[in-house]
Amino acid sequence: MLYLIDGLSHQIIALLGVIIAFFGTVLLTMALKDKLPRDQGRAFAVEGAKSAGKPRGAGIIFVFVFAISALLCCDFSLELVLYVLLVVVEMFTGYFDDAAEKPWNEYLKGILDLAVAVATAVVYLHYNDSSIVFALFGNTSVEIPAILYGLLTVVLVWAAINVTNCSDGVDGLSGSVSIVTMMSFYALTKMAGNDDPFLFTAVLFALSLLGYLWFNATPSLLLMGDAGSRAMGFFLAVLAIKSKSPVMFLVFAIVLILDGGLGLVKVSLLRFLKIHILKNTLTPLHDNVRKKKEWSNAQVTIRFTILQLAVSVIALYIYRL
């Protein structure tokens, strides 16, 4: 919207965006943290009881700040508005669960995720073609059938929401790793010459997350809850498809996939097929290293973030070769 004001350069507007994203999150969190619902502790998580009583659902704050900064400081388009709206919708599917006395049924949340994923695929294919680039193998674009692209988009969005949600169990972990993922996609698109204005939202979301992490660093003062983790996972999926290299989600989000995704696979195989895998491994993996390797929360966050950063840097270096 600020682009409609004569005399404001792109650089000034971008600077205003990052200021709003970071300081807006910090200031609103300070003002509203005591208004958030309280965590009840997680019975099956390692040290889950320590979270009991902390403000939960802080995702509603940084997601709204992100949305405002994106709508104000990005090139305005209906496609942008629709993606931002879907981020907010996904945030609310988590926030209402955070605020509920009894957690929502997981099947209900899965259906809501599916609806958001389908809407995302429809929006994307309405405004974009169905070509993809396998970035590590060059910039050659491959066109795939729109129906297949839509189905794969639904799978990606649903999976990204849930693996990111499952990885949120240690102070600062999912937020820190997600920032690396966001900035990896942003760097890739800049290297590829992709000038889609939407991609600047990666910077704004990352700055909003940094504002939240100011309060979530160990020992945390508040938690993002499903309101934050689900919206964050959704945004990562949208960023992947808008980068035109969605396959790179497997690289730039590998830590989130392994940490949160293995637990989903383990539970699904046991529940639906009665197949028990990883019998001696706790999932999410952050629980396994905390209990069996005796890593502290800070060690888990820093080491997992370092692993993702190392993988992303190597992948970007290979792309530049």
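Residue by residue, here is whether (1) in contact with a strand residue (DSSP E or B) (Cβ under 8 Å, 6 or more places away or on another chain); (2) under 21 Å from Asp196 (Cβ atoms); (3) surrounded by 14 or more Cβ atoms within 10 Å (Cβ to Cβ) holds:
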| position | (1), (2), (3) |
| --- | --- |
| Leu82 | no, yes, yes |
| Leu86 | no, yes, yes |
| Phe92 | no, no, yes |
| Asp97 | no, no, yes |
| Pro103 | no, no, no |
| Leu108 | no, no, no |
| Leu114 | no, no, yes |
Legend entry - Unique match (being closer than 23 Å to Asp98 by Cβ, of a type in the set (A, V, I, L, M) and modelled with pLDDT under 95) among Ala227, Ala217, Ala231: Ala217
Inset, instruction - Considering each residue of segment 114-153, count those that are free of Cβ contacts under 8 Å to residues at least 12 places away in the same chain, of a type in the set (Gly, Ala, Ser) and closer than 17 Å to Thr189 by Cα, and give that number. - result: 1
Inset, instruction - Scan (1) buried (at least 24 other Cβ atoms within 10 Å of the Cβ); (2) over 14 Å from the mean Cα position of the chain (by Cα) for the single condition Ala237 breaks and write down its number. - result: (2)
Inset, instruction - Please work out which residue is modelled with the highest pLDDT, limiting yourself to segment 269-284 and to residues that are surrounded by 15 or more Cβ atoms within 10 Å (Cβ to Cβ) and either hydroxyl-bearing (Ser, Thr, Tyr) or under 18 Å from Thr218 (Cβ atoms) (or both). - result: Pro284
Inset, instruction - Considering (1) under 15 Å from the mean Cα position of the chain (by Cα); (2) not in a helix (DSSP H, G or I), say which one Met182 fails and leave the rest. - result: (2)
Legend entry - Residue ID - farthest from Val122 (Cα to Cα), chosen from residues in segment 137-162 that are hydroxyl-bearing (Ser, Thr, Tyr) and in contact with a Ser or Thr (Cβ under 8 Å, 6 or more places away or on another chain): Ser141
Inset, instruction - Give the residue that is nearest to Val88 (Cα to Cα), with candidates limited to residues of segment 123-151 that are among the β-branched types (Val, Ile, Thr) and surrounded by 14 or more Cβ atoms within 10 Å (Cβ to Cβ). - result: Val123
Inset, instruction - Run down Leu316, Leu258 and say which single residue is surrounded by 15 or more Cβ atoms within 10 Å (Cβ to Cβ) and over 19 Å from the mean Cα position of the chain (by Cα). - result: Leu316
Legend entry - Selection count where residues are more than 22 Å from Gly110 (Cβ to Cβ) and modelled with pLDDT of 95 or more, scope segment 40-70: 10
Inset, instruction - Filter segment 200-248 down to the residues that are β-branched (Val, Ile, Thr) and assigned to a helix (DSSP H, G or I), then identify the one that is nearest to Ser184 (Cα to Cα). - result: Val203
Legend entry - All positions within segment 256-267 that are in contact (Cβ under 8 Å) with a residue 24 or more places away in the chain and in contact with a Ser or Thr (Cβ under 8 Å, 6 or more places away or on another chain): Leu256, Asp259, Gly260, Gly263
Legend entry - Matching entry among Phe234, Phe215, Phe200 (being among the aromatic types (Phe, Trp, Tyr), over 21 Å from Asn297 (Cα atoms) and out of contact with any Cys (no Cβ under 6 Å at 6 or more places or on another chain)): Phe234
Inset, instruction - Specify the residue that is surrounded by the fewest Cβ atoms within 10 Å (Cβ to Cβ); the eligible residues are those in segment 190-199 that are in contact with a Leu (Cβ under 9 Å, 6 or more places away or on another chain) and assigned to a helix (DSSP H, G or I). - result: Lys190
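The values are calculated or read from the model by the stated rules, or taken from the named source; none is laboratory data. Since this is a predicted model, take the numbers as computed values, not measurements. Here Cβ is always computed from backbone atoms with ideal geometry, including for glycine, and neighbour counts include all displayed protein chains.
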